[in-house]
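So the structure is just underneath, and the comments pick up after that.
Throughout, read-outs are computed from the coordinates displayed, never taken from laboratory work. Note that this is a predicted model, so its numbers are computed, not measured. Cβ coordinates were reconstructed from backbone atoms using ideal geometry, including for glycine residues, and neighbour counts include every protein chain displayed.
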């Protein structure tokens, strides 16, 4: 018996087949193109998302006939609007990194306390609400169709469920709903006051289900499968990392970096500019998490590869970084799409500071990799203030954790043990676990916890003086970017 997991991410669409024991049996993947129509805008072609996902699934199903369930995980906040009758999207998918609604968010700042009290989120272009509003206000005829109840909104999971079930199901899960800025995570329902604030008709919104639930039959596949488990990518990674106890932390290093701490069954607003989000809801029990969001992690390495052509493959960045003793004073602040937590400055821009005549691509690459630890340090500091305790261990995953330089530098700067699991595809694994619970393969979260296995740990090894000097340089650089003059922050 096996489980198919769809992992639709920012830069690729993948399907991974897992055995009942959680082992990867087969993977298919296609890279997904990002479109940048204007400065600060990030889009994707919805049909590419769908066709690439369908292709990946069919490639696996062609060779495996013993698949029993389907799980879905996805890039969160990315926003799609489509016609309920035709199923056609009105506009490109507006990606979570998109900053076009920064001015709208700024104009609504007086409502931020109310928004945070209900959603646990900061008022930022990152989330779906202002993206929906932009589509309704800028696509000809969209507002009129929405007012007639003819349009559907969905994050990527919802869009895929609609297409997989051939328009029969307009559903999302509670973790993706909690990232829209329209869902009241305390009362666990769409919030009329929030919808009024953003001028979004509630008729557009999907029904919300638990992470393990019946999402319909994927009849669009050649081998129809029951969709049994759905979660946003970061919550799926939390599940794949088996962080089910209060205080446990996972940090994922993919396109962005997202650290989540399980805070248990009680909602608590962050006092240190972090997010409070739904971690998961299974069998009626909800758990919340504190989240720190970094918009650019692996994307910075991708930028060095594609735009500056420093190396041919992302994995080559480790050898290049190790070819020099240090960054030679170079600091890389990868705020390409603004600064996330705990700064929440959508207008900030990336910068490479401390350049001298001796600076070379190895120093810059090393600084880009080091930035992942520095950004995580900022998150963990805020997280520890909110939770009242220090984390001793962080479970990490994502593409960048294959880079051992990154893992060791994380341990050094954070002064904690960094644990890398045997299976680092924890996002897809988390979705497979959820589907497996729904299909009756697993008894519940306890059963999943037993399946987590450690591959390698990294312990702090940097001397105190070197660490303090590095952190001081980082803090000065971020302060400069966060308070930078208009020529560094304006879109135009």
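Details
- Label reach from residue 84 (point 7 Å along Cα→C-beta): in region 124-161, amide nitrogens under 12 Å belong to 145-153.
- With neighbours defined as other Cβ atoms within 10 Å of a residue's Cβ, the residues 124, 306 order from fewest to most as 306, 124.
- The distance linking region 196-228 with region 431-445 is 18 Å (Cα centroid to Cα centroid, whole angstrom).
- Residues 258, 127 arranged by fewest to most Cβ contacts within 10 Å: 127, 258
- Counting only DSSP beta bridges with both residues in the chain, the antiparallel share comes to about 70 percent.
- For region 115-180, the alpha carbon positions stretch 35, 28, 17 Å along the principal axes, listed from largest to smallest.
- nm² value of the averaged projected area, convex hull over the Cα atoms of region 44-98: 4.9 nm²
- Estimated distance in nm for a label pair at residue 404 and residue 199, the labels positioned 7 Å out from Cα along Cα-to-Cβ: 5.6 nm
- Region 307-322 and region 107-146 have Cα centres separated by 38 Å.
- The sum of -39500 (n - 2.57) across all DSSP H runs of n ≥ 4, divided by the residue count of the chain, sets its helix-only mean residue ellipticity at 222 nm to -10000 deg cm²/dmol.
- Spatial separation of Cα centroids for region 234-262 and region 1-68, in angstrom: 21 Å
- Normalised by residue count, the chain yields a Cα convex hull volume of 132 Å³ per residue.
- Counting Cα-Cα pairs of region 305-398 in 10 Å increments starting at 0 gives whole-percent bin shares of 14, 38, 34, 12, 1.
- Full extension of the chain between residue 109 and residue 480 yields a length gain of 131.2 nm, computed as 0.36 nm times the residue separation minus the alpha carbon distance.
- Footprinting exposure proxy ranking of 464, 25, 400, fewest other C-beta atoms within 10 angstrom first, gives 464, 25, 400.
- Relative contact order (%) - criterion: Cα under 8 Å, at least six apart; region: the chain: 15 percent
- As a calculated quantity, the FRET efficiency between residue 117 and residue 12 at R0 = 35 Å, using C-beta atoms, amounts to about 0.45.
- Under conditions of 4 °C and 1.567 mPa s, region 180-234 yields 97 µm² s⁻¹ as its translational diffusion coefficient, taking Rh as the Kirkwood radius over Cα pairs in the Stokes-Einstein equation.
- Computed on region 2-233, the Cα convex hull volume stands at 112 Å³ per residue.
- Sites residue 459 and residue 24, calculated FRET efficiency, Cβ-Cβ separation with R0 25 Å, nearest 0.05: 0.35
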